[in-house]
Amino acid sequence: MLVEIGRALTLIASGDVEVWQIAGTSFAVSLSAVLAALAIGLPVTYRLATSTPRTASIGIWIAHSMAALPTVVIGLTLYFLFSTDGPLGWTRLLYTRTAIAIGQTALALPLVVAVVLGALRRLPDSAQESLVTHGVTGARRMSWLLWEVRPAIVSGALLAFSRAFTELGTALIVGGNIRGATRTLTTYIALEYDRGDDARAIALGLILLSVALATNSLMHVFLKDR
Amino acid sequence: MTDDDKALVRTRALTVGYTGSPVAKVPDLNLAGGVVWHVTGANGSGKTALLKTLAGLIPPVTGNVERRCNIGAGGAIYIHPVPYLFAGTVIRNLTLADPSPHEIDRVMRLFELEPLQERDVRALSYGEQRRVALARAVASRPAVLLVDESDAGLDEAAHVSWWTYVAGAVADGAPALVVAAHRLLPCDGVPIREIHLRA
């Protein structure tokens with residue numbers, strides 16, 4: 001085992017082009033997914049936070065339930081949607097990076113909504129009332145309120161990134177692990193494990209672990225400062 | 001011109017409260033500019049509910065409120081007992097209702113906030129936060145200013161100083177000023193009308 005780890009570290013240090021290209025693909029796809037989750041999730045969360053308490057509670061329940069969905073279930077659902085005979089088959093997105101990003105957006109979205117909605121609901125009523133009484137409406141009201149919970153937005157985004165970056169089910173099913181196109185760190189690890197190339201699988205696992213730990217450390221440092 | 005003609009906010013057969021539960025019956029009011037309305041009553045007598053109803057933040061339980069002004073900038077503005085100041089500097093908070101730079105300069109002078117303008121609001125004392133909240137509201141030239149628990153947490157000197165600002169605000173823009181406060185108001189020369197509430 002130690003020999004394999006040693007070989008893995010040598011592989012990382014040698015700057016294997018393919019390994020780093022795949023890491024880059026994983027990073028780009030997961031980052032796109034998180035940005036999409038923020039673009040969709042923040043307005044939705046704001047709507048939920050400013051609706052009735054009952055609607056907001058239902059929103060939180062849905063977000064928590066969706067956050068617990070297995071990645072393979074999301075992957076399979078998207079596979080049936082995007083397959084040639086599926087309702088979205090005409091988009092020809094199956095086995096593309098976009099398909100993986102869509103799947104990871106579905107994973108990231110409930111995390112963003114749950115974390116940010118929780119923070120918005122913890123704001124005192126006087127925050128919302130101050131905006132109403134000063135006549136702040138529409139997009140301006142949303143931006144003032146969201147600015148108040150920006151630590152939660154950053155931590156939700158980092159949490160979502162960790163989830164997206166380390167997931168396997170969606171990337172494997174809708175990405176297809178195509179070399180030079182849709183191969184990500186997690187699908188590559190699964191492939192190398194199947195092939196029996198333990199050193200390469202461990203090297204990839206170490207990169208994956210480092211990014212996940214770095215993301216979580218960043219979140220910890222960010223929240224500690226606030 | 002009668003009080004009724006000049007009224008910016010008029011209430012008839014008003015009962016105020018929260019989520020449909022009545023807290024207090026309110027005598028019919030004709031709120032006009034240039035007057036301080038002093039709302040008194042024991043804790044829980046409905047002072048906050050009345051002010052929030054007049055500001056349009058909560059609906060009346062029964063009766064009606066007619067406004068000849070908006071809710072919000074240039075209309076009826078409510079100031080909380082513990083004001084909510086948004087993260088950032090004093091000057092950022094003064095831009096909340098999107099007033100002109102001229103208005104911001106005016107209220108900073110009026111409330112002596114120029115030395116504090118770049119300070120983080122979380123680092124301000126309670127009295128300073130109240131000044132920022134009042135300045136923020138006055139910057140949007142309210143027709144009716146509703147100040148809740150205006151004497152809460154202020155010592156005697158700060159209380160008098162607070163009322164100097166309030167009197168200045170009334171003289172400067174002549175809004176109808178409705179204040180809920182336990183103590184008598186040191187407002188010489190400013191017309192005061194009492195509204196006493198019983199739960």
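Every number in this text was worked out from the coordinates using simple rules, so none of it is lab data. The structure displayed is predicted, hence computed values, not measured ones. Note that each Cβ is placed from the backbone with ideal geometry, even for glycine, and that neighbours are counted across all protein chains shown.
The length gained on full extension between A:Leu88 and A:Val73, counted as 0.36 nm times the residue separation minus their Cα-Cα distance, comes to 3.7 nm. Taking the C-alpha atoms only, the angle from helix A:185-195 to the longest principal axis of chain A is near 30 degrees.
Taking each residue in A:132-141, count the Cβ atoms of any other chain within 10 Å of its Cβ, then average. What number comes out? Kindly include the intermediate steps, with their values, before the conclusion.
Numbers: counts 7, 19, 15, 13, 5, 1, 0, 0, 3, 0.
Averaged over the peptide's residues, the number is 6.
Apply the a/c threshold of 1.5 to the C-alpha gyration tensor of the protein assembly as shown and tell me whether it is rounded, prolate or oblate. Prolate is the answer for the protein assembly as shown, as a/c is 1.5 or above and a/b outweighs b/c. All other residues with a Cβ under 13 Å from the Cβ of B:Val65 taken together, and with Lys, Arg as +1 and Asp, Glu as -1, what is their net charge? Neighbour charge sum, excluding B:Val65 itself: +3.
Once you sort the root eigenvalues of the Cα gyration tensor of the stretch A:159-204 as a ≥ b ≥ c, which label holds: rounded (a/c under 1.5), prolate (a/b larger than b/c) or oblate (the other case)? Please report the intermediate quantities before stating the final value.
Details: a/c = 2.21, a/b = 1.35, b/c = 1.63.
Since a/c reaches 1.5 but b/c is at least a/b, the shape of the stretch A:159-204 is classed as oblate.
Per 0.36 nm of contour for each residue apart, how much would the distance between B:Tyr126 and B:Thr95 grow if the chain were fully extended, relative to their Cα-Cα spacing?
Values: separation 31, 0.36 × 31 = 11.16 nm, distance 2.01 nm.
Stretched fully, the B:Tyr126-B:Thr95 segment lengthens by 9.2 nm.
Fewest-first ordering of B:Arg131, A:Arg150 by other beta carbons within 10 Å of each residue's beta carbon gives A:Arg150, B:Arg131. Taking a ≥ b ≥ c as the square roots of the eigenvalues of the Cα gyration tensor, an a/c ratio of 1.5 or more together with a/b larger than b/c marks the stretch A:121-225 as prolate.
Nearest 5 percent is fine: what portion of the DSSP beta bridges confined to the protein assembly as shown is antiparallel? Intermediate results must be reported in sequence, preceding the final value.
Details: 14 of 32 bridges.
Counting only bridges with both partners in the protein assembly as shown, antiparallel ones make up about 45 percent.
Distances between placed amide hydrogens fall under 5 Å for B:Trp37 paired with B:Leu177, B:Val178, B:Val179, B:Arg193, all partners being 5 or more residues away or on another chain.
Between the helical axis of A:198-224 and the dominant principal axis of chain A, each derived from Cα atoms, what acute angle in degrees is found, rounded to the nearest 10? Helix A:198-224 sits roughly 20 degrees off the main axis of chain A.
To the nearest 10 degrees, how steeply does helix A:97-122 sit against the main Cα axis of chain A, on a 0 to 90 scale? Value to nearest ten degrees: 40. Mean projected area of the convex hull spanned by the Cα atoms of chain A, taken over all viewing directions: 14.9 nm².
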